[in-house]
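The values are calculated or read from the model by the stated rules, or taken from the named source; none is laboratory data. Here the structure is a predicted model, which means the values were calculated and not measured. We place every Cβ from the backbone using ideal geometry, glycine too, and count neighbours over all the protein chains shown. Surface accessibility is based on the protein's heavy atoms, side chains included, excluding ligands, DNA and RNA. Shrake-Rupley method; radii C 1.70, N 1.55, O 1.52, S 1.80 Å.
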Amino acid sequence: PFHLKLTNKQANEIKELLGQYEEPIYHNIFREAQVAMRINPRSALILGVTAVEVSVKILIGELVPDAQWLIEHIPSPPIVDMLENYLPNLPVRLKINGKARLPESMIAEMKKAIQMRNKLVHTGYSPNRQDIKDKLLVIKNLLWLIDYYRGYGWALEYISNDYKLELGIHSN
């Protein structure tokens, strides 16, 4: 609703107060996807899926530092396979009911989002605008869940109630 203009000095002071925390790049990419949704929905889908890919690589790089080089230099397995099969084995910083996992419906929707993205990139297919909006909503929830597994407990508050219920989290 408003734009705050800061001098470099003010921005640096705020960063210092926040403990040098910088928002993860995948949230920046996702915000770009949201902006692109108004102008070019196809680009929004590509950016959204890219945000997921980046978030998973950052998660793995943080939790398994010895894998950092591999994550950065070697093509990774399909991202949904990593989320479905590798995430439960990662030493996540926070767990849900003793586990690290994604809701089954989220995995299914991510598979569809990646298929849509691949079809778009490789054939020029133009998905329905509402389908893209729906996939971006799934991606948004997934990014917050990645943040939670990275150790940011507050991120759980931004996950939709449907996904929380599927994970066995009962809201007050």
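Residue by residue through segment 1-15, note down the ones that are part of a helix (DSSP H, G or I) and at pLDDT below 85.
Filtering segment 1-15 for residues part of a helix (DSSP H, G or I) gives 8-15.
Those that are part of a helix (DSSP H, G or I) and at pLDDT below 85: 9, 10, 11, 12, 13, 14, 15.
For segment 102-114, name all the residues that are of a type outside the set (Ser, Thr, Tyr), more than 17 Å from residue 51 (Cβ to Cβ) and in a helix (DSSP H, G or I). Don't jump to the end; show me each part of the working.
Here is the first cut: in segment 102-114, the residues of a type outside the set (Ser, Thr, Tyr) are 102-104, 106-114.
If we keep only those that are more than 17 Å from residue 51 (Cβ to Cβ) too, we end up with 103-104, 108.
Result: 104, 108.
Does segment 72-82 include one or more residues that are touching a residue at least 60 places away in the same chain (Cβ under 8 Å) and under 13 Å from the mean Cα position of the chain (by Cα)? It would help to see each step written out before you state the result.
Taking segment 72-82 first, the residues touching a residue at least 60 places away in the same chain (Cβ under 8 Å) are none.
No, there is no match, as no residue in segment 72-82 is touching a residue at least 60 places away in the same chain (Cβ under 8 Å) and under 13 Å from the mean Cα position of the chain (by Cα).
Would segment 115-123 turn up any residue that is open to solvent by 80 Å² or more (accessible area, probe 1.4 Å), in a helix (DSSP H, G or I), among the basic types (Lys, Arg) and out of contact with any Pro (no Cβ under 6 Å at 6 or more places or on another chain)?
yes
What helices (runs of 4 or more DSSP H), lying completely within segment 16-101, carry at least 2 residues that are of a type in the set (Ser, Thr, Tyr) and open to solvent by 20 Å² or more (accessible area, probe 1.4 Å)? Walk me through it before giving the result.
On the way: elements: 25-39, 41-63, 68-73.
Once the helices (runs of 4 or more DSSP H) in segment 16-101 are filtered for at least 2 residues that are of a type in the set (Ser, Thr, Tyr) and open to solvent by 20 Å² or more (accessible area, probe 1.4 Å), what remains is 41-63.
Starting from segment 116-138, keep only residues that are without any contact (Cβ under 8 Å) to a residue 40 or more places away in the chain, then list their pairs with residues that are part of a loop (DSSP other than H, G, I, E, B) whose Cβ atoms are within a distance under 8 Å, requiring at least 6 positions of separation or different chains.
Filtered contacts from segment 116-138: 119/125; 119/127; 137/160.
Report, by residue number, each residue of segment 124-140 that is out of contact with any Phe, Trp or Tyr (no Cβ under 9 Å at 6 or more places or on another chain), of a type outside the set (Gly, Ala, Ser) and open to solvent by 40 Å² or more (accessible area, probe 1.4 Å).
125, 128, 129, 130, 131, 133, 134, 137
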